[in-house]
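Down below is the structure, laid out as structure tokens.
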Amino acid sequence: MMESKISAIRRIMDVAEMSALSSPDVDPPKSFEFINAKNNSISLEYSPHFGGDVNLNMSAVHVPTNVYERASNVIRAIKWSEELDRTFINNYEHDPSLSWQYFGSATGFMRQYPATNWIVEKTVDLFDCRTRSWYIEAATSPKDILILMDTSGSMTGIRREIAKHVINNILDTLGNNDFVNIITFSNETKEVVSCFDGTLVQANLANVRELKRAISNLNTERIANFSLALTTAFELLETFRNEREGARCNQAIMLITDGVPYNYKEIFEAYNWKDNPDEPLKADMPVRIFTYLIGREVADVREVQWMACANRGYYVHLCTPAEVREEVLKYVPVMARPLVLGRTDHPTIWTPVYADVTDPKMTDWLWEQRENNEQKKRVLLYQRNKKFLNSEEQDRRYVSNQKWRYDQTDQIDELQEYKLMTSVSMPVFDRRDNAVRFLFIQHHKAGAGERSILGDRNKRGWQTMIANLLGVAGTDVPIDEIEKLMTPHMLGVNGYAFIVTNNGFILIHPDLRPVFQGILKPAYNSVDMAEVELMDHDMGSREFDEGIIMFRNNVVNQMNGSAVLYTKYHYDDMKRVGRVKRRYDYAGIMDTPFTIVVSLPQYDRIGNCHVLAIEEIHRSHAKGKNVTDYFAGSNWRVHPHWLYCKYHYEGEHRFTSSESQLLHFLERTRLPGWKWIDMKQRSKPPEHSATTIKFCCVTAKPYKAENKNSYFCDRSLLLSLVYDAKVTEWFAQQIPPNPSTKESGKQFKQRFGVVLAFMATRTGLTRWQDFLPIDENMSLPENHFSKLYPRAIDEVWYKRAVEQYYVNADSFVFSVPLEDEGASNSTLVTASRAVFIENANGKAPAMVVGFQFQHTALQALFQNITFNCDGNCHKHCGDEVWACYLIDNNGYIIAAEDETDAGKFFGDIRGPIMSSLVKDGVFEKIRIFDYQAPWKHLQTALSWMVSQAALVWARTGILDYEDAESYGYVSDDESTVHRDEHESEEKLPPVVDKDDRIFDQNVRINRTRLEVCDQEIYLYLRNASFDLYDMDMDCEHRWYMVQPVAYSNMLLVVVNTECGDTTSPILSVKPEEVIYENNTLVCQKALTGLKRKRPQSCIRSNPRESDIKDQCGLATCAKSNLFLLMLLLICVMIEKYTFLLLG
């Protein structure tokens, strides 16, 4: 799979370079039109493979908002890149598993195949391919960036705002393989984030967000000490070079100022030109200097421009916020020059996980919109009912709403509307060695120093050496497609596989939770493997033991090996906990920075076994049996995320469900010529790419599938599924295998109010029987068992049943929905039991069987048994003195006298009793840390109003959208982070209805900002070794009595309520934020110091770069202003002259 993606982008790269080389150096005619992704009328057709409406016969071009599409360099590149359509189509014809293919141009546009409409609903189109990780990491090798911001007294007003905007845009171009810090300087230097003092931090989303927030409120004062700032920067970068820390490749200083007094040549000689101070252009400069001169009224630019040009950097003069994005991005091609000069080396880059086209900067804005909608709902609710809900109730209702609508079939999960991707990309170079460059009206304002840099050019144009980056070619690889190829059915119950990057971050993991309430978390793609694989120890938060550290280091370094570790884990929305010994096997994935890890539980000494049982389809057909008969009726489902059989060209075959697709392929097995074809389909090798074709004469042919009926199957899984269907066929017929049990079964169903029976097998097959009348003409309700639980071994009740087997092989697991409201008349109890197959080699789970019944029936049965004695006892639960509960193995109430207690944690109802159960060893108290927890920090009304005003201004054109982004980050001084300060002294502006009446203050919600925090939660697990149940109860020592319920995971707890207060204090399972002493979470993570591996590709320098002249930036503001001034004077003179003539 990985090889085929690399081959595809290599072909795109080859064709792009040849197309650019053969294209004419003239603008296309004004009549030239291209397919604009944001404005076109092309015909589109839905494609299940791409998940939307597309046109497979062409590509479309996305141009960022800040790029003029008819600019000469842009329109030329759009023109020659049309030749890529033929390659895009050819790639997809040969490898239909390919996802989106694209070419991101250095001029800003992105050509994407297949063509589609780029629709941005309710948000601003912030997408610029040049700030995406697949572009940045391919365009430049890993880099250490140190940003020096001048905060002297002259950097005030618009200059300071432009400078902050420059920093934000620089930070947007960094990724997980880069390191960064920001130092402000006037008469002294200071890191903007205090805990980042004297270091560089990884440029992950969390650290970048912290840096952006830190610069939002900077003071300017005193005089700038450039010598101190430059010396500090060079020494810090030198330390990182010597200690081989940070990116360990490129290094650069970004100097942002409104002017320098002189060029500080002696500092560069001491630190950057050490090996050849007399001829610096021939020196091996470890650090590049990029200078950003801020302000329109700058008298002299010579020195600050010289600093960049003399140190292989680039100089930019910025006068308005609107030009910042384009000017900042010019540093990327400069750092790419050594790569381009190498010509032959096109490094292949794999990105960390990211969320499709979603910009992480939109998180704050989307969260704000969500709160606006919630505020609207609360106001409408108040107007209608004259009552309000508190914030926790609002959140609970939102999540409950989403869960109700959650469909785990092929439909998109509403809790996660983002499509997670990784991308593979490759730089595209300009193969020309020289080009004609032009110098317009620059000489007149440059002094002697400047001419020595630019050179004297008397002619309009001249030949000069170039090393231009044309752009980056890439393709997406959806995470869910990789997951399907990891054969999850082979790993068994509670086994899983995950993939880790060179930084130790998770690419794929079952516990990766990137979305909170429908919005992308701020640091979703920098979750470390040590944060999801939790070791079973009593150490504190972020205190990782030696075992996980050694294991992690081996994985990051892509070694092959194994490890056995004792772990703890949470599940069921972090309501339940378990402990298990796990075996981890890991190996590096060739030609990628990834390592795959397989984690299998070891419940006993035998190890892991799985059932091997298949039904040979051809033998069944030879005996005259059609295997589709095993799948009769409609009361069955297969795992919606597993690959049984699939067509390569999905668009050529449409199926309404996974079940219809399965039946289609089972019918195909009966046709002549059927062959078992595995998933591997090699891509056309790159050496066969047509790089020698005359591009000017060839047009792209319409897309046509090479063989639309080509398919692949997982033979083992499909034959095993057929076997399971065969042995469970009797269940589908709704007739008990033993007729003598029919009457007793009927009595059982009536007594317990059974509504449904089910079974689910190891191969993903789920069957059920409904015992309540179902209208065959009506579709099943959304909360029906088959719609809520189609994933067989991945369902919680399946996993719990298998775990319970190792505790008590003959027992059922009983569970109720864990809801704050408790049980109602519609609540169902689920009972499940694992069925194991055992032989001399070991035992393995084959299926889980169970049933669902009405909670009201259980409640009635519980009270009938415990609320009377029938003359056999003197006391019972009907007495006011006694309170009786059925609780499960995690401490949640299954049944109680008050039915609304069902589904609640026992410690919330009887806290002191739950504490005694833990103290006496009935339950174990297990501490779990959640390192992906969301937290909603309060922000003040002032900051909210400012951000709202900024967006309004942006929409009206007063303020640029990019400038409006900076107002979305709230400074720490403007926000409240204490959880107990829900009643802030600063109130929101009054909300007034049409009659100008002021609403109740409680109608207003507290404005918050979505953050990621560490949370600590204590969960509970029944102690399987505890057996001292028959103990006397007395008010002096023991206020309760506990007994196990036979053949179940339940305990009967009887509480004497006269012994004292048995309700408070409560023992809650609600998480609490971990507060680090004198440290924020970002700082704590930065200090952890987990190891990482540098990417294999590092191209830092090329001796030919010194031959590149006059390409280090020119002044822009003065030139454009002079032109406008001259134009204005000419107009005035003409008008005056005309007036005199007429007079």
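Every number here is computed from the coordinates shown, using simple stated rules; none is lab data. Remember, it's a predicted structure, so these values are computed and weren't measured experimentally. Positions of Cβ are generated from backbone atoms using ideal geometry, with glycine treated the same way; all protein chains shown enter the neighbour counts.
Structure data summary
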| item | result |
| --- | --- |
| Calculated FRET efficiency for the pair Ala299/Glu1077, C-beta based, R₀ 56 Å, to 0.05 | 0.65 |
| Neighbour-count order for Leu612, Leu237, Leu788, fewest beta carbons within 10 angstrom listed first | Leu612, Leu788, Leu237 |
| Lys, Arg +1 and Asp, Glu -1 on Cβ, resulting dipole of the stretch 49-100 about Cα centre, debye, nearest 20 | 280 |
| Footprinting exposure proxy for Glu238, Glu243 (fewest neighbouring C-beta atoms within 10 Å first) | Glu243, Glu238 |
| Overall form of the stretch 486-608 per C-alpha gyration tensor (a/c, 1.5; a/b vs b/c) | rounded |
| Among the listed pairs Lys212/Lys521; Lys419/Lys575; Lys623/Lys726, those beyond 22 Å (Cα-Cα) | Lys419/Lys575 |
| Per-residue HN-Hα couplings for the stretch 875-884 [Karplus 6.51, -1.76, 1.60; θ = phi - 60°; Hz; x = Gly/Pro] | 10, 8, 6, x, 5, 5, 5, 9, 10, 10 |
| Difference of contour (0.36 nm per residue) and Cα-Cα distance, Asn707 to Leu485 | 77.7 nm |
| Local electrostatic count, Thr231, Cβ distance below 11 Å [Lys/Arg +1, Asp/Glu -1] | -3 |
| Relative exposure of Met1041, Met149, Met490, Met778, judged by other C-beta atoms within 10 Å (fewest first) | Met778, Met490, Met1041, Met149 |
| Two-site label geometry, Asp197 and Glu729: point separation in nm, points 7 Å out along Cα→Cβ | 7.7 |
| Relative packing of 189-199, 845-855, which averages over residues the other C-beta atoms within 10 Å, highest first | 845-855, 189-199 |
| Student exercise, the stretch 486-608 dipole from Lys, Arg, Asp, Glu Cβ charges, in Debye to nearest 20 | 260 |
| Protection proxy ranking of 334-340, 260-266, 1059-1065 - average other beta-carbon atoms within 10 Å, highest first | 334-340, 260-266, 1059-1065 |
| Ranked by how many other beta carbons lie within 10 Å on average, peptides 615-628, 524-537 from highest | 524-537, 615-628 |
